[in-house]
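Below is one structure, written out as structure tokens; comments come after it.
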Amino acid sequence: MSVAVYDPNAETISLSPEAAEFAKKQMAKDGASAVRLTVAESGCSGYRYGIEYVQSVQATDRLFVMDNGVEVYVQPEALSLLNGSVVVLVVEGLNKVLRFENPNADGTCGCGESFSVAS
């Protein structure tokens, strides 16, 4: 097992192996070729995460290629909020959901759908 050290100056986004396999299945179902991670001002804590399965890249997208070949796109304005994040697969009963483990978040709402960062 290796240990990754979070470097706030390096741009990193990753998917756990389980999350990447889940994303691959979702992309195949949706006819998508990549995953886009988004952040929007919303929710009870300030920002809301988004995951989209997309067919095309936007001109400003920052590309991250996972070890298993999954392409992840992030808009530049979301990168500072998501930098260092790991997207993991969480199994809740019969449901599977992707969740963000975000070192930049200093608080989350009770439902886990939104987060806040220190100003």
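The values are calculated or read from the model by the stated rules, or taken from the named source; none is laboratory data. Computed from a predicted structure; not experimentally measured. For neighbour counting, all protein chains shown are included, and Cβ atoms are generated from backbone atoms with ideal geometry for every residue, glycine included.
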Completion exercise
Note on the range 53-62: residues surrounded by 13 or more Cβ atoms within 10 Å (Cβ to Cβ) and either among the polar types (S, T, N, Q) or under 22 Å from K96 (Cβ atoms) (or both) are Y53, V54
Completion exercise
Checked against (1) among the aliphatic types (A, V, I, L, M); (2) in contact (Cβ under 8 Å) with a residue 12 or more places away in the chain; (3) closer than 28 Å to G107 by Cα, L63 satisfies every condition except (2)
Fill in the blank from the handout: The residue that is modelled with the highest pLDDT, considering only those in the range 25-52 that are surrounded by 16 or more Cβ atoms within 10 Å (Cβ to Cβ) and among the basic types (K, R), is R36
Fill in the blank from the handout: Within the range 61-71, residues being more than 12 Å from the chain's Cα centre (by Cα) and not in a loop (DSSP other than H, G, I, E, B) number 3
Practice task
Scan the range 76-101 residue by residue and report those that are buried (at least 17 other Cβ atoms within 10 Å of the Cβ) and of a type in the set (G, A, S).
Solution key: A78, G84, S85
Handout entry: Of residues in the range 37-60 being under 17 Å from N104 (Cβ atoms) and among the small types (G, A, S), the one nearest to the chain's Cα centre (by Cα)
Key = G50
Exercise for the section: Those residues that are modelled with pLDDT under 55, surrounded by 10 or more Cβ atoms within 10 Å (Cβ to Cβ) and either within 14 Å of E101 (Cα to Cα) or aromatic (F, W, Y) (or both), I need them from the range 1-24; list them, please. Expected result: Y6
Completion exercise
Considering the range 72-119, residues that are part of a loop (DSSP other than H, G, I, E, B) and among the hydrophobic types (A, V, I, L, M, F, W, C), and then whichever is modelled with the highest pLDDT, we arrive at L94
Exercise for the section: Would you tally the residues in the range 78-94 being without any contact (Cβ under 8 Å) to a residue 12 or more places away in the chain and farther than 17 Å from S16 by Cβ? Expected result: 2
Handout entry: Test result for Y47, in contact (Cβ under 8 Å) with a residue 60 or more places away in the chain, assigned to a strand (DSSP E or B), closer than 20 Å to T12 by Cβ and hydroxyl-bearing (S, T, Y)
Key = yes
